[in-house]
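Worksheet for the structure shown next.
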Amino acid sequence: MAELAVDKHVKYILAVEKNKDSFESVVMDHLRMNGAYWGLTALDLLGKLDSVNVDEVISWILKCQHESGGFSGNIGHDPHILYTLSAVQVLALFNKLDVLDIDKSIVSSCTSCFAQVSKLDITGLQNEDGSFSGDMWGEVDTRFSYIAICCLSILCCLDKINVEKAVSYILSCKNLDGGFGCTPGGESHAGQIFCCVGALALTGSLHYVDKDLLGWWLCERQVKSGGLNGRPEKLPDVCYSWWVLSSLIMIDRVHWIDKEKLVKFILDCQDMENGGISDRPDDAVDVYHTYFGVAGLSLLNYPGLKAIDPAYALPVDV
Ligand code: GRG
């Protein structure tokens, strides 16, 4: 079995950030905040976070913050809850949450701007039925419920939302197969299951989950190659090593999959020459799959990696 090419992956992640004209950097320009979270958390798990300039990162993050409190994917873009969590997670990685004026910027309404814009603060994004919108345009998705809960939990501000209603909305997205979808009646998908199980874990509500039923659906995601898919009849993808595995760990059913075969699948997706991890063996690598491959290996206790928390998606020491 190949080994994890730690130095090559570190070099690859740093090169993507430096080479701003590369195809990968250009297509990721609008979601650079997510890219920063993926790349920097991967570096931390690999024990190499000290190879980046902290002040540069923090100053760029603060330039992405809007008057409403929310963050955008890059300077000059619109704020969205997706990027707000990544910004908070990266600040947490560097132990720099103190740069945030939490009360003013993240959890309370901004009175100095238009009412609609003030809906961008996290508490203002909770809807009457307990669901969360991603931004002022109102799209609802259980991803946003997880993000709101994770972000507020990191900031010790969960009491600022109606947690009971948030949990009840998530439970309304539970399906007969034990899984969860984006909205009530939406197809079960491993990504949404991570969000719902993660949000339930962070709010102390895992007792609402039928762990055997959901565990069975999740462990059936493992295919012959050892990789995991995100729903029945789909191809395996390294990123599900995170979405499925973290969920299995949170419901205490991770022993229902073949861990050794999954480790081999992830290691087979490495570019052994230039670094980086791809979705499947021999495909092109990217930072997203590199992060979730490394994070999956961390959940599998791969030697030499820092441990990651399955609910916060941050290194345990953070
Ligand atoms: C902090 C880890 C972390 C997450 C933040 C954004 C978010 C919260 C969670 C996203 C969860 C999600 C929906 C993941 C799935 C991503 C993915 C690979 C979607 C692809 O969907 P399809 O239908 O792929 O294109 P399949 O594999 O079903 O064919």
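The values are calculated or read from the model by the stated rules, or taken from the named source; none is laboratory data. The structure displayed is predicted, hence computed values, not measured ones. Backbone-built Cβ (ideal geometry, glycine too); neighbour counts: all protein chains shown. These area figures cover heavy atoms from the full protein model, side chains too; ligands, DNA and RNA do not enter into them. Shrake-Rupley method; radii C 1.70, N 1.55, O 1.52, S 1.80 Å.
Some points to look at:
- Cα pair distances exceeding 21 angstrom across the range 1-95, given as percent: 32
- For the range 205-222, Karplus couplings with θ = phi - 60° (6.51, -1.76, 1.60), whole Hz, Gly/Pro x: 10, 5, 5, 7, 8, 7, 5, 5, 5, 5, x, 5, 4, 5, 6, 6, 6, 7
- Each of Arg221, Arg143 has its accessible area taken with a 1.4 Å probe; listed largest first, they run Arg143, Arg221.
- Pairs beyond 20 Å (Cα-Cα), from Lys8/Lys63; Lys174/Lys211; Lys8/Lys261; Lys20/Lys63: Lys8/Lys63; Lys8/Lys261
- Computed per residue of the chain from DSSP H runs no shorter than four, each worth -39500 (n - 2.57), the mean residue ellipticity at 222 nm is -13000 deg cm²/dmol.
- Here the accessible area is traced with a 1.4 Å probe on the protein chains. For the range 1-88, carbon and sulfur cover 55 percent of it.
- With q set to 0.16, 0.20 Å⁻¹, the log10 of I(q)/I(0) for the range 141-239, from the Debye formula over equal scatterers at the Cα positions, is -0.66, -0.95.
- Accessible surface calculations at 1.4 Å, restricted to protein heavy atoms, place the chain at 44 Å² per residue.
- Potential extension, Leu235-Val54 segment - 0.36 nm per residue separation minus Cα distance: 61.4 nm
- Pairwise Cα inverse-distance average, inverted: Kirkwood Rh of the chain (Å): 19.8
- Efficiency of FRET from Cβ geometry, Glu67 and Trp137, R₀ 22 Å, rounded to 0.05: 0.80
- Each of Asp237, Asp283, Asp271 has its accessible area taken with a 1.4 Å probe; listed largest first, they run Asp283, Asp271, Asp237.
- Cleavage-rule hits, GluC sites (Glu not before Pro), the range 186-252, DSSP coil, Cβ neighbours within 10 Å at most 11: Glu233
- Panel note: the C-alpha atoms of the range 198-270, placed on their principal axes, show extents of 37, 21, 20 Å (largest first).
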